[in-house]
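K.L.:
Let me give you the structure first, and then I'll get to my questions.
The values are calculated or read from the model by the stated rules, or taken from the named source; none is laboratory data. Predicted, not measured: the structure shown is a model, and the values here were computed from it. FYI the Cβ positions are ideal-geometry reconstructions off the backbone, even for glycines, and counts take in every protein chain you see.
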Amino acid sequence: MLTRESLKRDIARLFIWYPVRWFFRILPVKTSIKLLYLMGEMHFKLFKNTLRHIEKNIKMGLPDIREEGLQSVLRSYLRNHYFDRLHIFLYPRFIRNIKHVDSLIEFSGLNHLDHALSAGKGVILTLGHYGPIQLPLFGLGSKGYSIIQIGLPVDEGFSWIGRNVAFRLRMKYEGMIPAKIFPADKFLRPIFTQLKDNGAVMVTIDPAGGGKWLGKIIRFPFLGGSIPFPVGPASLSVKTGAPLLPVSVHRKLEGKYNCEIHPPLSCNTDNPLEITAYLVRWYEDQVAIDPGLWHFWDEFESGKLLPASDLS
């Protein structure tokens, strides 16, 4: 969710990263999860007037949605936002007792991952900004898989508190994940080495958001508009021979998620553009299952993810 730098935001950061974060050290894990969802509920109920543009974006992407469904998607979107951004407060608990991870996310399709790795060329796992996207990385790392995630952590445009409190502490907590996070704007030789050593590389299907797009980006039809998608994952698969396995994360129950590792894409082509188009269509179907889990509703508008001419 995009937010502007302001004194109010800095005050909120200090509140979240200090007294609230400290509570997570002593609260039971299940209670902590409920608290994260409650933050989303409070945002939904108390700041309704600030959410009109997101409502408008959802209506554009889901033109047949009714008012009741619209409010359900918006509510789900806010609950997911707070859970996705702040569940990292639970990472010290995860490290001390890995059973907490297993109670939060279960995996299906690990046989597809193991079978793909048996070919000896590594695997490329692709998932979108949909649901709590760091949970699969933590879960797979905790199960002993050698895995690197290509990410883009940036503090550009942040206030002093944004850089030295929120961003600094976030990097500290993400450093607890039992996997490596490699900057997308660096030379990618370690990624090729990881695949050569028959490891897994995790990349995102959709762009990083906030206008931070790296590599070759092409617009593809998506939710009635056209948004930019990176061609890099497909190109990496073609260059290395590592199969491309889509990954989906869906809410199973309250405080419980299922991460499904799907079979490798079978597109009958070695053209990265065609492979990416196939992957985008698959991803659009996944987003349709629970649209509120998609991270980018606040950017699904002209001049942001959409070009100025789309849906305007």
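K.L.:
Looking only at the stretch 233-254, which residues are buried (at least 18 other Cβ atoms within 10 Å of the Cβ) and free of Cβ contacts under 8 Å to residues at least 12 places away in the same chain?
P.N.:
None; the set is empty.
K.L.:
Separate question: Report, by residue number, each residue of the stretch 52-79 that is under 19 Å from H129 (Cβ atoms) and either modelled with pLDDT under 95 or touching an Asp or Glu at 6+ places or on another chain (Cβ under 9 Å) (or both).
P.N.:
H53, I54, N57, M60, V73, L74, R75, S76, Y77, L78, R79 - these are the residues of the stretch 52-79 that are under 19 Å from H129 (Cβ atoms) and either modelled with pLDDT under 95 or touching an Asp or Glu at 6+ places or on another chain (Cβ under 9 Å) (or both).
K.L.:
Whether any residue in the stretch 166-184 is within 15 Å of L127 (Cα to Cα), modelled with pLDDT of 95 or more and out of contact with any Lys or Arg (no Cβ under 6 Å at 6 or more places or on another chain) is what I want to check.
P.N.:
The answer is no, given that none of the residues of the stretch 166-184 is within 15 Å of L127 (Cα to Cα), modelled with pLDDT of 95 or more and out of contact with any Lys or Arg (no Cβ under 6 Å at 6 or more places or on another chain).
K.L.:
Follow-up question, since we're still on this one. For the stretch 146-167, which positions are in contact with a Leu (Cβ under 8 Å, 6 or more places away or on another chain) and surrounded by fewer than 20 Cβ atoms within 10 Å (Cβ to Cβ)?
P.N.:
Answer for the stretch 146-167, where residues must be in contact with a Leu (Cβ under 8 Å, 6 or more places away or on another chain) and surrounded by fewer than 20 Cβ atoms within 10 Å (Cβ to Cβ): L152, I161, V165.
K.L.:
Select from the stretch 45-58 the residues that are assigned to a helix (DSSP H, G or I) and out of contact with any Phe, Trp or Tyr (no Cβ under 8 Å at 6 or more places or on another chain) and list them in ascending order.
P.N.:
Of everything in the stretch 45-58, those that are assigned to a helix (DSSP H, G or I) and out of contact with any Phe, Trp or Tyr (no Cβ under 8 Å at 6 or more places or on another chain) turn out to be K45, L46, K48, N49, T50, R52, H53, E55, K56.
K.L.:
Which of the residues that make up the stretch 28-47 are under 20 Å from I95 (Cα atoms) and touching a helix residue (DSSP H, G or I) at 6+ places or on another chain (Cβ under 7 Å)?
P.N.:
Across the stretch 28-47, the qualifying residues are V29, S32, L36.
K.L.:
Looking at the stretch 132-166, which of its residues are more than 28 Å from F192 (Cα to Cα) and within 17 Å of the chain's Cα centre (by Cα)?
P.N.:
none
K.L.:
Among the residues of the stretch 108-131, how many are within 21 Å of W282 (Cα to Cα), among the aliphatic types (A, V, I, L, M) and either surrounded by fewer than 17 Cβ atoms within 10 Å (Cβ to Cβ) or over 18 Å from the mean Cα position of the chain (by Cα) (or both)?
P.N.:
The total comes to 4.
K.L.:
Hey, another quick one. Yes or no: the stretch 37-56 includes at least one residue that is under 24 Å from K99 (Cβ atoms) and in contact (Cβ under 8 Å) with a residue 24 or more places away in the chain.
P.N.:
Yes, there is a match, as at least one residue in the stretch 37-56 is under 24 Å from K99 (Cβ atoms) and in contact (Cβ under 8 Å) with a residue 24 or more places away in the chain.
K.L.:
Does P230 meet the test of being of a type outside the set (A, V, I, L, M, F, W, C) and without any contact (Cβ under 8 Å) to a residue 60 or more places away in the chain?
P.N.:
It is true that P230 is of a type outside the set (A, V, I, L, M, F, W, C) and without any contact (Cβ under 8 Å) to a residue 60 or more places away in the chain.
K.L.:
From the list K45, K59, exactly one residue is more than 25 Å from F167 (Cβ to Cβ), basic (K, R) and in contact with a Leu (Cβ under 9 Å, 6 or more places away or on another chain). Which is it?
P.N.:
Only one candidate passes the filter, namely K59.
K.L.:
Under the condition of being assigned to a loop (DSSP other than H, G, I, E, B) and of a type in the set (A, V, I, L, M, F, W, C), which residue from the stretch 172-190 is farthest from S146 (Cα to Cα)?
P.N.:
Within the stretch 172-190, the match that is farthest from S146 (Cα to Cα) is F187.
K.L.:
Give the residue, chosen from R52, R79, R85, that is more than 21 Å from the chain's Cα centre (by Cα) and at negative phi.
P.N.:
Answer to the selection: R52.
K.L.:
Something else: Please identify the pairs in which a residue from the stretch 58-82 that is over 22 Å from L306 (Cβ atoms) has its Cβ atom under 7 Å from the Cβ atom of a residue that is not small (G, A, S), counting only partners at least 6 apart or on another chain.
P.N.:
Qualifying pairs under 7 Å: R75/F44; R79/Y37; R79/E41; Y82/L36; Y82/M39.
K.L.:
Can you pull out every residue in the stretch 181-193 that is of a type in the set (D, E, K, R) and crowded, with 17+ Cβ neighbours inside 10 Å?
P.N.:
none
K.L.:
List the residue pairs whose Cβ atoms are under 7 Å apart, where the first residue sits in the stretch 3-32 and is loosely packed, with under 12 Cβ neighbours inside 10 Å, the second is in a helix (DSSP H, G or I), and the two are 6 or more positions apart or on different chains.
P.N.:
Short answer, once both residue conditions are applied: T3/R9.
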